[in-house]
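Comments concern the structure below.
The values are calculated or read from the model by the stated rules, or taken from the named source; none is laboratory data. The structure displayed is predicted, hence computed values, not measured ones. Note that each Cβ is placed from the backbone with ideal geometry, even for glycine, and that neighbours are counted across all protein chains shown. Surface accessibility is based on the protein's heavy atoms, side chains included, excluding ligands, DNA and RNA. Shrake-Rupley method; radii C 1.70, N 1.55, O 1.52, S 1.80 Å.
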Amino acid sequence: MKLIPNLSEIDQKAILQAGIPAETLMESAGQQVAQSIQKHCSPPQQGVIVCGPGNNGGDGFVCARKLYQAGFQNLTVIHTSTTYKNETLANFEKILLSLPLQVINAKNQTELAVQQIRQADFIVDALFGSGLARSIGNVEARLVEAMNQARPQAWVLAVDLPSGIDGATGQVLGCAVQADSTVTFAAGKPGLYLQPGKAHAGTVSIVDIGIPARLITEDESPIQLMTTPEARTWLPPRLPGSHKYSHGHVLVIAGSRKMPGAAVLCSEAAMSAGAGLVTLAAPESLYAQMPIMPEITRLPLPDPNQLSAASLLVIEEAMASKRFNAVIVGPGLGNDPETFDTVITLLQILKNTNLNVIVDADGLNALSQSNLTLNERFILTPHIGECARLLHTENSVILSNLILAAQQLREKYRAQVVLKSASTVIATLNSDDSKALCWISPTGNPGMATAGSGDVLSGVIGAVAGQLHAQNRPVWQAATLGVYLHGLAGGTAATELTEYAMRACDITRHLPQAFKILL
């Protein structure tokens, strides 16, 4: 589903090209907000509509009028401007001249406005929308603070976006309203699905206000929200005549004496996520340290402690003799200099094959110390710190704009990128489509912020990448579908175990429930 940070250009096209009056769009927007209020609240509950200086405030004025006409007479309209224009001014004057509502100018009567907010049963936040490009301060900041303090006694509905949330990045601009629900118009905004904006938005509803669908379709925004219907279309089919090689053979190169668990978590996740075969290439000592699924075959490496130069010949011989479809490099390999050198050599070798390759953890750390470029068959899966190292910047820079960081990493390495965070962003490349996209996955929960969760994700992506390779389908779908499945499994694990008690292995254990959602 396409996400568009700001609809101002599309609004203008609807007005100028489609001939839809601006007044009609505002009337429809306000009506939709009022209808959302009526689903949750009823007269004689006391409501406050907080209206800002732009079109968002105009939507709030229409909402107030519609609510009054529906029987909500105990309403207060708070506004922050005396210089309204065009349709916003027209709707403001309709309230002032024709409705017996309390109207407060917050610039002149700040304390009275705050008092009314504190007494409200429900609040409509129509202060700022997706056009906000500055930090909120002064009187507006006081109103935001009052709306947040009114919860949970008052139910808060945000119009288009919670005021103070950047529609493109989800970042807080100074301060932001904590809404229980958000009604957004025509198309979703990235900031509603990226943290911390996602947490501020509450339940999000996308409503139609009469903008022609073709204007949304034609918009050049490269940002997409992963949805279950799309994930279903990418799920590799299980054909009646298939065999294990039809479902992909995944080679996992992972683990060390110090970190054997990463290799086990990754390979078992790959086996549980639908791979036909999984081979774990690891130091021989690892197999004695930890048991692995009996279905997973072993490729012991000569160095008993870690991946080293002596391992390359064994791995190359295996790739020459076996029908691998995907390779996972990195989980738990460690940061020994010889290991890093071996990883870079291995990636160079893999670059000259036709295999799908997932690079994670210490594979990424090794990559960050090289000048190697890759290609679209590679999927990089960094968390915030690893992404910062790969781009040679600070964590705070990455967090300030996840989409931009994922795009920059994709361009630097010419690879698919899965930027792991509380809101995972996937930057994809497709040889059949010159338009590069960025996907936001809505699945996942805080319980997945636990040791080994990333290793499980690599295994899931690897399994999907192996199946897609075996069926001659594009690797970028593995990046997006793998993240979505991983989040679904984490969601079902949290439902059963709570976000406090779940472990990474529980995500693997709940993969069957994730697949059932998509089947």
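So, counting K/R as plus one and D/E as minus one, what does the shell of residues with Cβ under 13 Å around residue 166 add up to?
+2
In this structure, the pairs whose alpha-carbon distance is over 22 Å, taken from 351/412; 13/198; 198/412, are 13/198; 198/412.
With a cut-off of 10 Å between beta carbons, the residues surrounding residue 420 carry a summed charge of -2, where Lys and Arg count +1 and Asp and Glu -1. With contacts taken as Cα pairs under 8 Å and at least 6 residues apart, segment 78-151 reaches a relative contact order of 32 percent. For segment 1-149, with all protein chains in place and a probe radius of 1.4 Å, 46% of the accessible heavy-atom surface sits on carbon or sulfur.
Over the chain, average the accessible area per residue using a 1.4 Å probe and give it in Å², no decimals.
Details: 20230 Å² over 519 residues.
Accessible surface, normalised per residue, equals 39 Å².
Heavy-atom accessible area with a 1.4 Å probe sorts 97, 481, largest first, into 97, 481.
Peptide packing: for 296-305, 239-248, the average count of neighbouring Cβ atoms within 10 Å per residue gives the ranking 296-305, 239-248, highest mean first. For segment 102-119 and segment 229-286, what is the separation of their Cα centres, given in Å? Answer, in whole Å: 60. 3J(HN,Hα) along segment 224-233, derived from phi through the Karplus expression 6.51 cos²θ - 1.76 cosθ + 1.60 where θ = phi - 60°, amounts to 10, 9, 5, 10, 4, x, 5, 4, 4, 5 Hz, with x in place of Gly and Pro.
The alpha carbon centroids of segment 11-69 and segment 364-437 are separated by 40 Å.
Rounded to whole numbers, the Karplus 3J(HN,Hα) couplings from phi for segment 179-190 are 9, 7, 8, 10, 9, 10, 9, 6, 8, x, 10, x Hz, using 6.51 cos²θ - 1.76 cosθ + 1.60 with θ = phi - 60°, and x at Gly and Pro. When the Cα positions of 347, 278, 335 are compared along the charge dipole of segment 277-361, 278 comes out farthest toward the positive end, with charges on each C-beta of Lys, Arg, Asp and Glu. About its Cα centre, segment 140-291 has a charge dipole of approximately 620 debye under the convention of +1 per Lys or Arg Cβ and -1 per Asp or Glu Cβ, with nothing else charged. In a shell of Cβ-Cβ distance under 10 Å around residue 362, excluding residue 362 itself, what net charge do Lys and Arg (+1) and Asp and Glu (-1) give? Local net charge: -3.
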